[in-house]
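Reading through the structure tokens given below for one structure.
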Amino acid sequence: MTGAAQPARGLHRPVVLMGPPGAGKGTQAKKLAARYQVPHLSTGDMFRHHVGRGTELGRRAKQIMDRGELVPDDVVVAMVEQRIAEPDCAQGFILDGFPRTVAQAESLDALLRRAGLPEPWVLVLRVDSGLLLRRLTGRRMCKIGGEIYNVYDRPVAAADRCLQHECELVQRADDREEVIRERLAAYQVHTQPVIEFYRGRNLLAELDGSGAPEAVSQALFDWIDRNEDRGR
Ligand code: AMP
């Protein structure tokens, strides 16, 4: 099936979108969710939501996130398990930012089994470190709708305001350079082994995430459509 064709509703398997910070997981997960009409589950967004509401979990997570470290596995797994149990996840879902450790990947296997759901497709976005730094240090977010911009890109560079809501753009606290370094290190140490954990299964693909967002989406759609067709 090509990108222009009408996609099937739902997915045969959940999708795990992986890649280092700045690889474009959030942007691509939203596009996948829209195309396959399944929910986008971002653990980072869930934590930011808790931080914004000032919950107990939010207070705990904020301290960890501001240092660029990982929230403990049991906390993340419990949050994901609760979300996956909601009825809108029955037709599949896109996981963005989870699992980030091998222990989380093992827990995900167990909770998918318990829910009677199949093993996930695992799609890894590859981007070189120079481009990652540029994307992360330049990233700004709309305060109202969460749209993502980059100060290095036109036309935002000139105005530094959200094109949709015309509001001020803000920088994520963890997009400061010293925290970015920590996050990239956490990815190397804890998350890179998750790719190896999944590699043995015939359900993993590594794709180039350095192109324009539309080109990356098309590659993701093509891969999923091809493999979903194979599984029918
Ligand atoms: P993200 O928006 O995915 O970059 O996540 C932002 C921050 O939230 C991370 O740097 C972690 O501190 C925390 N976080 C998000 N997902 C996870 C996860 N699966 N495991 C541990 N910490 C996480």
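Numerical summary
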item: Estimated distance in nm for a label pair at Gln63 and Glu214, the labels positioned 7 Å out from Cα along Cα-to-Cβ; result: 4.7
item: Packing-based exposure ordering (other Cβ within 10 Å, fewest first) of Lys143, Lys25; result: Lys143, Lys25
item: Cα-centred dipole magnitude for the stretch 86-159, charges only on beta-carbon of K, R (+1) and D, E (-1), debye, nearest 20; result: 420
item: Rounded to the nearest 20 debye, dipole of the stretch 2-99 from Cβ charges on Lys, Arg, Asp, Glu; result: 360
item: Magnitude of the charge dipole, the stretch 107-232, Cβ model with Lys/Arg +1 and Asp/Glu -1, debye to 20; result: 220
item: Kirkwood-Stokes translational diffusion coefficient of the chain, alpha-carbon pairs, 10 °C, 1.306 mPa s, µm²/s; result: 87
item: Dipole-positive endmost among Cys162, Leu117, Val216 within the chain (Cβ charges, Cα centre); result: Cys162
item: Summed residue charge, Cβ within 15 Å of Ser210's Cβ, Lys/Arg positive, Asp/Glu negative; result: -1
item: Scattering profile of the stretch 1-127 at q = 0.19, 0.22 Å⁻¹ [log10 I(q)/I(0), Debye over alpha-carbon scatterers]; result: -1.13, -1.44
item: Where GluC sites (Glu not before Pro) fall in DSSP loop in the stretch 177-219, at most 11 other Cβ within 10 Å; result: none
item: Charge tally in the Cβ shell below 15 Å around Tyr187, where Lys, Arg are +1 and Asp, Glu are -1, Tyr187 excluded; result: -1
item: Asp153-Glu206 FRET efficiency (beta carbon distance; Förster radius 22 Å; 0.05 resolution); result: 0.30
item: Directionally averaged projected area (convex hull, Cα atoms, the stretch 63-103), nm²; result: 3.5
item: For the chain: relative contact order, % (alpha-carbon pairs under 8 angstrom, 6 or more apart); result: 30
item: Under Karplus coefficients 6.51, -1.76 and 1.60, residue-wise ³J(HN,Hα) of the stretch 194-201 in Hz, glycine/proline x; result: 5, 5, 5, 4, 8, 4, x, 7
item: Order of Trp121, Trp223 under a 10 Å beta carbon neighbour criterion, fewest first; result: Trp223, Trp121
item: Length released on extending from Cys89 to His49, taking residue separation times 0.36 nm less the Cα-Cα span; result: 12.5 nm
item: Proximal charge balance of His40 [Cβ under 12 Å; K/R count +1, D/E count -1]; result: +2
item: The stretch 98-219 - Rg (one decimal) and Dmax (whole number), Cα, Å; result: 17.4, 51
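A short reminder: the numbers here are calculations on the coordinates, not readings from a lab. Treat the numbers as computed from the prediction; the structure is a model and nothing was measured. Every residue, glycine among them, receives a Cβ derived from its backbone with ideal geometry; neighbour counts consider all protein chains shown.
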